[in-house]
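The values are calculated or read from the model by the stated rules, or taken from the named source; none is laboratory data. Just so we're clear, the structure is a prediction, and the values are computed from it rather than from any experiment. Using ideal geometry, Cβ is built from the backbone for each residue, glycine included, and neighbour counts are taken over all protein chains shown.
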Amino acid sequence: MLRHYLGKEAKVKTPELASRVGSILAAGPHLSIVSAYELDRWCHLLTLRGGGQQKRRILELWMSEAIVYDMTRPVWGLAAFMHAQAATKNITFGESDLLILATAVVHGRRVLTTDTSFSRNAGAVGVAASIELVALA
């Protein structure tokens, strides 16, 4: 998945991104239990559709080395608070995104994303410092 951004073409087109992704892969993944669930769900869907066996094997190997952060009271408490903050500002924030973001904040990690709306929403609820926005183009 991330290896796509490490190929020869990516290193020429977006050397900063290729370098950043390389450092992430070298350090090993840190995931919210919600992210792990979403990735596993995606792999099962690929398999049931008759494809994705190689992607699934690569992802399972990558995830076997992951540090996975559980859902804890501080995580869901912060997610609930951020949800209320977002609602008072008429901002729609997906439940999974809130839980992933809260997990990162509680555990002192950063969320690496290409989603500009996720980044903007995180800023609106006061945790922009926990987001690293990466441009893919």
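Select from the stretch 76-125 the residues that are farther than 18 Å from residue 32 by Cα and of a type in the set (S, T, N, Q) and write down the one among them that is surrounded by the fewest Cβ atoms within 10 Å (Cβ to Cβ).
So the residue we want is 90.
This table checks each residue for (1) touching a His at 6+ places or on another chain (Cβ under 7 Å); (2) hydrophobic (A, V, I, L, M, F, W, C); (3) within 16 Å of residue 130 (Cα to Cα).
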{"site": "42", "(1), (2), (3)": "no, yes, no"}
{"site": "61", "(1), (2), (3)": "no, yes, no"}
{"site": "68", "(1), (2), (3)": "no, yes, no"}
{"site": "73", "(1), (2), (3)": "no, no, no"}
{"site": "93", "(1), (2), (3)": "yes, yes, yes"}
{"site": "100", "(1), (2), (3)": "no, yes, yes"}
{"site": "106", "(1), (2), (3)": "no, yes, yes"}
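Filter the stretch 73-115 down to the residues that are at positive phi and polar (S, T, N, Q) and list them by number. Walk me through it before giving the result.
Step one: of the stretch 73-115, the residues at positive phi are 90, 108.
Matches in the stretch 73-115: 90 only.
Hey, could you check the stretch 113-137 for residues that are part of a strand (DSSP E or B) and over 14 Å from residue 98 (Cβ atoms) and say which is modelled with the lowest pLDDT?
Going residue by residue through the stretch 113-137, those that are part of a strand (DSSP E or B) are 113, 131-133.
Subsequent filtering for residues that are over 14 Å from residue 98 (Cβ atoms) retains 132-133.
Values: 132: 76, 133: 67.
Selected residue: 133.
Given the conditions (1) in a helix (DSSP H, G or I); (2) in contact with a helix residue (DSSP H, G or I) (Cβ under 7 Å, 6 or more places away or on another chain), which single one is not true for residue 42?
Only one criterion is unmet by residue 42, namely (2).
Could you list, in sequence order, the residues of the stretch 79-112 that are assigned to a loop (DSSP other than H, G, I, E, B), without any contact (Cβ under 8 Å) to a residue 12 or more places away in the chain and touching a Phe, Trp or Tyr at 6+ places or on another chain (Cβ under 9 Å)?
Within the stretch 79-112, 94 is the sole residue that qualifies.
Return yes or no: is residue 40 among the acidic types (Asp, Glu) and more than 26 Å from residue 124 (Cα to Cα)?
yes
Per-residue answers, yes or no, for (1) at pLDDT below 85; (2) closer than 25 Å to residue 24 by Cα:
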site: 36; (1), (2): no, yes
site: 44; (1), (2): no, yes
site: 52; (1), (2): yes, yes
site: 58; (1), (2): yes, yes
site: 68; (1), (2): no, yes
site: 75; (1), (2): no, yes
site: 78; (1), (2): no, no
site: 86; (1), (2): no, no
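Looking at the stretch 9-34, which of the residues that are among the aliphatic types (A, V, I, L, M) and exposed (fewer than 13 other Cβ atoms within 10 Å of the Cβ) is modelled with the lowest pLDDT? Can you show your working first?
Filtering the stretch 9-34 down to residues among the aliphatic types (A, V, I, L, M) leaves 10, 12, 17-18, 21, 24-27, 31, 33-34.
Of the ones still in play, those that are also exposed (fewer than 13 other Cβ atoms within 10 Å of the Cβ) are 12, 26-27.
Values: 12: 63, 26: 73, 27: 72.
The selected residue is 12.
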